[in-house]
Amino acid sequence: MKTTITIDRDASDIPSDEVLNDESHKLGASVDKDNGDIYLEFSSREAMRDFALSLLHESIYGAGDIEMYPLGFEGKWQVVSGVRLTESSSRIFINLPDDKHT
């Protein structure tokens with residue numbers, strides 16, 4: 001099986017329409033305070049795919065920083081940086097070095 005993924009500069013496909021329009025697609029991020037383990041709990045493969053695509057987009061076109069956080073508006077959880085985090089989720093900060101090695 002071979003899959004081709006295209007990431008354009010505009011990130012026009014991130015998030016996907018499926019994730020954007022269906023609140024069941026989400027990610028819960030948590031940290032185990034005892035051992036420092038990080039848990040990413042995706043509700044669907046679509047949520048995982050959009051998370052991965054947002055990271056891939058940042059690695060190609062980004063400025064080096066991503067912040068993902070739970071954002072509620074009028075009782076609904078919104079997509080931020082390609083991901084809908086659950087209400088109880090930890091925020092996710094991703095930092096890349098300034099110089100890009102290609």
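Each reported figure results from applying straightforward, stated rules to the coordinates on display, with no laboratory input. Fair warning: this is a prediction, and the values are worked out from it, not measured in the lab. Cβ sites come from the backbone with ideal geometry, for glycine too, and all protein chains shown count toward neighbours.
Determine, yes or no, whether Asp8 is surrounded by 12 or more Cβ atoms within 10 Å (Cβ to Cβ) and in a loop (DSSP other than H, G, I, E, B).
On the way: surrounded by 12 or more Cβ atoms within 10 Å (Cβ to Cβ): no; in a loop (DSSP other than H, G, I, E, B): yes.
No: the conditions fail for Asp8.
Check the range 24-45 and report whether any residue there is farther than 16 Å from Phe93 by Cα, exposed (fewer than 15 other Cβ atoms within 10 Å of the Cβ), in contact with a Lys or Arg (Cβ under 8 Å, 6 or more places away or on another chain) and not basic (Lys, Arg).
Filtering the range 24-45 down to residues farther than 16 Å from Phe93 by Cα leaves 24-26, 32-35, 41-45.
Add one more test, that the residue is exposed (fewer than 15 other Cβ atoms within 10 Å of the Cβ), and what stays is 24, 32-35, 41, 45.
Adding the requirement that they be in contact with a Lys or Arg (Cβ under 8 Å, 6 or more places away or on another chain) leaves none.
No, the range 24-45 contains no residue that is farther than 16 Å from Phe93 by Cα, exposed (fewer than 15 other Cβ atoms within 10 Å of the Cβ), in contact with a Lys or Arg (Cβ under 8 Å, 6 or more places away or on another chain) and not basic (Lys, Arg).
Taking the conditions exactly as written (in contact (Cβ under 8 Å) with a residue 12 or more places away in the chain and among the small types (Gly, Ala, Ser)), does Ser44 satisfy them or not?
Values: in contact (Cβ under 8 Å) with a residue 12 or more places away in the chain: yes; among the small types (Gly, Ala, Ser): yes.
Yes, satisfied.
If you scan the range 56-78, which residues turn out to be buried (at least 18 other Cβ atoms within 10 Å of the Cβ) and touching a strand residue (DSSP E or B) at 6+ places or on another chain (Cβ under 9 Å)?
Here is the first cut: in the range 56-78, the residues buried (at least 18 other Cβ atoms within 10 Å of the Cβ) are 57-58, 66, 68, 70.
Answer for the range 56-78, where residues must be buried (at least 18 other Cβ atoms within 10 Å of the Cβ) and touching a strand residue (DSSP E or B) at 6+ places or on another chain (Cβ under 9 Å): Glu58, Ile66, Met68, Pro70.
With the requirement that a residue be of a type in the set (D, E, K, R) and out of contact with any Phe, Trp or Tyr (no Cβ under 7 Å at 6 or more places or on another chain), what does the range 69-99 give you? Give the steps one after another, and end with the answer.
So the first thing to find is which residues in the range 69-99 are of a type in the set (D, E, K, R), and the list is 74, 76, 84, 87, 91, 98-99.
Within the range 69-99, Glu74, Lys76, Asp98, Asp99 qualify.
From the list Ser24, Ser30, Ser43, which residue is polar (S, T, N, Q) and in contact with a helix residue (DSSP H, G or I) (Cβ under 9 Å, 6 or more places away or on another chain)? If you could, list the steps in order and put the result at the bottom.
Working: Ser30 fails: in contact with a helix residue (DSSP H, G or I) (Cβ under 9 Å, 6 or more places away or on another chain); Ser43 fails: in contact with a helix residue (DSSP H, G or I) (Cβ under 9 Å, 6 or more places away or on another chain).
Going through Ser24, Ser30, Ser43 in turn, just one is polar (S, T, N, Q) and in contact with a helix residue (DSSP H, G or I) (Cβ under 9 Å, 6 or more places away or on another chain): Ser24.
Does Ile14 count as within 11 Å of the chain's Cα centre (by Cα), under 14 Å from Gly82 (Cβ atoms), aliphatic (A, V, I, L, M) and assigned to a loop (DSSP other than H, G, I, E, B)? Reasoning before the result, please.
Numbers: within 11 Å of the chain's Cα centre (by Cα): yes; under 14 Å from Gly82 (Cβ atoms): yes; aliphatic (A, V, I, L, M): yes; assigned to a loop (DSSP other than H, G, I, E, B): yes.
For Ile14, the condition - within 11 Å of the chain's Cα centre (by Cα), under 14 Å from Gly82 (Cβ atoms), aliphatic (A, V, I, L, M) and assigned to a loop (DSSP other than H, G, I, E, B) - is met.
Can you tell me which residues in the range 1-23 are within 23 Å of Phe93 (Cα to Cα) and free of Cβ contacts under 8 Å to residues at least 24 places away in the same chain?
Asp8, Asp10, Ser12
State all residues of the range 68-88 that are touching a Ser or Thr at 6+ places or on another chain (Cβ under 7 Å) and not hydrophobic (A, V, I, L, M, F, W, C); if no residue qualifies, say none.
Passing the criteria: Pro70, Ser81, Gly82.
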